[in-house]
Amino acid sequence: MAVKVKIGGNSRTGAQHSLGVRILRVALIACSALLLLFFSVFGYYYFKYQKIVDDRLNAGPMFTNTSQIFAAPREVRPGQKLSAGAIGQELRQAGYNNNPQMGTYQLRGDTILIKPGPQSFHSTDGATITTEDGEVQSITAENGVALRGYELEPLLITGLSEDKNRIKRRLVSYKDIPQRMVQSVTAIEDRQFFEHGGINYARTIKCGVQDVLSGRKACGGSTLTQQLARGFFLTPEKHIKRKLIEILISFQLEARFSKQQIFEMYANQINLGQRGSFAINGFGEAAQAYFGKDLKQLDLAECAMLAGMIQRPNYFSPYKHPERAMERRNIVLDSMVETNAITKSEAERAKAEPIRLAPPNVDASEAPYFVDVVHDNLVQRIGDQELSHQSLRIYTSLDPDLQRAASEAVAIGMQNVDEMVRKQHRGNGPITWPQVSLVALNPHTGQVLAMVGGRNYGVSQLNHATSKRPTGSIFKPFVYAAAYNASVNGQTIGDKGIFTATTMLDDEPTTFTFDNGRQTYTPRNYKDEFHGSVTAIYALAHSLNNATISLGQMVGFENVAALGRQAGIAAARGTPAVSLGAYDATPLDMAGAYTIFANNGVHLNPWTLASVRNLNGDIVADFAPEARQVLDPRVAALSTSLMEGVMNFGYGYETRKRGFMAPAAGKTGTSHDAWLAGYTSNLICIVWVGNDDYTDVKLAGALAAAPIWAEFMNRAIKLPQYSDMKPFSYPDGVVLERLDKTTNLLSDSSCPNAYSAAFLAGTEPHNTCSHMGDDQRNFFQKMLGIGGQTQSQENQQPPSGNEPGASPNPAAVRSGPPPNPGAQPSPGSSPNPVVEEPKKKKNFFQKIFGGGGDKKQQQPQPPPQ
């Protein structure tokens, strides 16, 4: 019997199977399309960013080899307190032995053999230096000739910043990076760096989930390659598109470079905080900034600290937050134990090590104000394009030891200034904190040895050492030098005869009218105290305004101004106010101006640049200082003698109270600003203190600037290269005499209270204080028939109201107020000053030829401008 089977159920199953196949086919097509779209988009962006990477890499090296700034070479001389080991340490800092192209040395007990390489500043001039008990005994050249001195390789100060963003970087190669540095960075930042292909997928996914759940983009899942891609090619903000681009660039970097090359780029690019106003990029710069070391010299703890700072450089700054920095360093050390880079005992020893940082004062170590001046000079002389496209070795005039002394002296001195300002403003509203500058010069070469341009370079980059200010009373020595100029030419001044240190000057109230009578000018002394008839040496020591301006009138204001201009004070003009320093100059200008006194009358333009070389040591440019004879050497010596009086028994005596006792000459200044300009046989130092807004600082130069000057000089004299501060020498034609302070005659046993003063030969007193009744006139006075035979006790004013060498009354330590700013002539005016004063005495020529008297129109006039 036939059986019929119904298969309706099978039809449904077949239909379902057919639908599933169709769905699978659609899904596969969609997936393929999506994959095609993904790879198309990925390929598009991959090649797009490949071009961006290509363009960036083809534009030049990833990092510019910035020009390096070097200090002046240290000169080693027999007799200096310096050991062979200390010389070797300095040569190591300069790269000797580490870089044979720079040079090598061999230390053999107390003897060191030095051989510069082809890249050395000194080419191939070698020497052997023998020391004993920490003192240099002899220096011998390679040919056996004994040398009086030998210059060591100049030390690196810093590099120029790369761009307007003020980035500092010292490039290092992978072989220069300590293994501990590599291990510490990978342990804390990217443990699989040497295994992955640029992306740590597991870590990236984990961080993505955390960020989604927390609602914050805080998880750090980036590899070192991604960090390099972000820092070098991208902006730091966080969003998904930027993250994808970062991944694409990471693939490009991994495809192009080895892991060692990527780590080297990372080590040079990573930001590690701020120093002053400069960004610290790369481990090479960071090692110097934080530890004062070359990267190769870092120990385990120091490597770990830098690696720990990568995450948040400012938050973990060891200067601002040492506890945080140490805690983070120890976390890095624990991570290194976990990765088997170090043992637990090594980690514990490193954790026990304190953080030893380089001094935080960027002004002391890197001289940023000085470097800015060097940069400006380079741009002027060799051009901005050449400077920015070459890796140059720039050799300068700076002495790093003296720069450190200058910076420390300013820091200490300004604490004293701030305290005085604070006392002035008790409850009187906001305080204007004064600014400061210090310039130190070699008086015989003109080289700028140290420069501090402000209180803190990180706060303000305005260089006060190159900013113009009224010079005030530190200009007064030029008035007295102009008078001495007349003396060496046999000329008299007014009715005073030949000018000498004991010439009597009138310190009396005087009103000057000038500009054809349209303006008046009435200088004042401090507290309006006038001293009557005083000696020139007393007038300068106590900075008497009216005595000085009366001398300027007799010499001729234009003659005074002309001397100032010859000395580099370009703004000086022949007005009465020129005698009191009413015209502007920079502290650097004034340092140069004082070379005419300290350098036998020769003016030297201050200079910072010595030579520019390329990386091979080839000379790009050499620079020679500019010098010209401005004063007769006798005039320079006579002026120096007057300024020694300022320091020994005048307003500069504050420097002696501060312990600086070496022979020195100088002048304080107080107008709206406080100054001290002073020098020894081997250093000129100018200190300025004042307000940026030109308001009156209301501090005397003796109280604000002199302590800083003394602090600096006390530090300088302890350095081997400046320890031989000698008494000033006097040329032929100048004699130094001891004078009785009561009579201003030669001192003898009957009048032992004496002071020293220099005279042009033939103009010195010839009688002693015990023979007052004799004819006291000098040779020129006798020849010309001028000068009385006796002087009244009142006119025989001693150099100081106190004993010579005693401190003046602190309440009166001030150079006197400035002329009324409203009455100062404009630099372009042509004044014709007239003196309204009591009856004038006739001078020698008036007695012979007639004229004189007290008629105003017959008063002596200065030459026209």
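The values are calculated or read from the model by the stated rules, or taken from the named source; none is laboratory data. Just so it is clear, the structure is predicted and the values come from calculations on it, not from any experiment. Cβ: placed from backbone, ideal geometry, glycine included. Neighbour counts: every protein chain shown. Ligands, DNA and RNA are excluded from the accessible area calculation, which covers all protein heavy atoms including side chains. Shrake-Rupley method; radii C 1.70, N 1.55, O 1.52, S 1.80 Å.
Observations on the structure shown:
- Among the candidates 760, 736, residue that is surrounded by fewer than 22 Cβ atoms within 10 Å (Cβ to Cβ) and at pLDDT 90 or above: 736
- Members of the range 669-704 that are within 18 Å of residue 448 (Cβ to Cβ), of a type in the set (A, V, I, L, M, F, W, C) and either open to solvent by 10 Å² or more (accessible area, probe 1.4 Å) or out of contact with any Gly (no Cβ under 7 Å at 6 or more places or on another chain) (or both): 683, 684, 686, 687, 688
- Test: residue in the range 90-110 that is touching a Ser or Thr at 6+ places or on another chain (Cβ under 7 Å), assigned to a helix (DSSP H, G or I) and surrounded by 17 or more Cβ atoms within 10 Å (Cβ to Cβ): no
- The range 388-428, subset of a type in the set (Lys, Arg) and outside any strand (DSSP E or B), residue nearest to residue 714 (Cα to Cα): 404
- The sole residue among 744, 767 that is polar (S, T, N, Q), at pLDDT below 95 and surrounded by 22 or more Cβ atoms within 10 Å (Cβ to Cβ) is 744.
- Members of the range 429-451 that are in a loop (DSSP other than H, G, I, E, B) and either touching a Phe, Trp or Tyr at 6+ places or on another chain (Cβ under 9 Å) or at positive phi (or both): 429, 443, 445, 446
- Single residue of the range 721-769 satisfying the filter (more than 45 Å from the chain's Cα centre (by Cα) and not in a loop (DSSP other than H, G, I, E, B)) that is farthest from residue 87 (Cα to Cα): 768
- With respect to the stated conditions, residue 441 is of a type outside the set (D, E, K, R), touching a strand residue (DSSP E or B) at 6+ places or on another chain (Cβ under 8 Å) and closer than 30 Å to residue 501 by Cβ.
- Selected residue (criterion: least open to solvent (accessible area, probe 1.4 Å)) from residues of the range 472-500 that are part of a loop (DSSP other than H, G, I, E, B) and out of contact with any helix residue (DSSP H, G or I) (no Cβ under 6 Å at 6 or more places or on another chain): 500
- Lone unmet requirement of (1) of a type in the set (Asp, Glu); (2) surrounded by 22 or more Cβ atoms within 10 Å (Cβ to Cβ); (3) out of contact with any helix residue (DSSP H, G or I) (no Cβ under 8 Å at 6 or more places or on another chain) for residue 654: (3)
- Restricting attention to the range 705-728, the residues that are surrounded by fewer than 17 Cβ atoms within 10 Å (Cβ to Cβ) and of a type in the set (A, V, I, L, M, F, W, C) total 1.
- The range 121-139 residues that are under 16 Å from residue 91 (Cα atoms) and charged (D, E, K, R), paired with ones that are at pLDDT below 95 and surrounded by 14 or more Cβ atoms within 10 Å (Cβ to Cβ) (beta carbon under 8 Å, 6 or more apart): 125/116
- Remark: pairs (first residue in the range 168-193, free of Cβ contacts under 8 Å to residues at least 60 places away in the same chain; second residue open to solvent by 10 Å² or more (accessible area, probe 1.4 Å); Cβ separation under 7 Å; 6+ apart in sequence or on different chains) = 192/200.
- Checklist (1) surrounded by 21 or more Cβ atoms within 10 Å (Cβ to Cβ); (2) part of a strand (DSSP E or B) applied to residue 634, failing item: (2)
- Within this structure, residue 600 fails the test of being among the polar types (S, T, N, Q) and either modelled with pLDDT under 95 or surrounded by 24 or more Cβ atoms within 10 Å (Cβ to Cβ) (or both).
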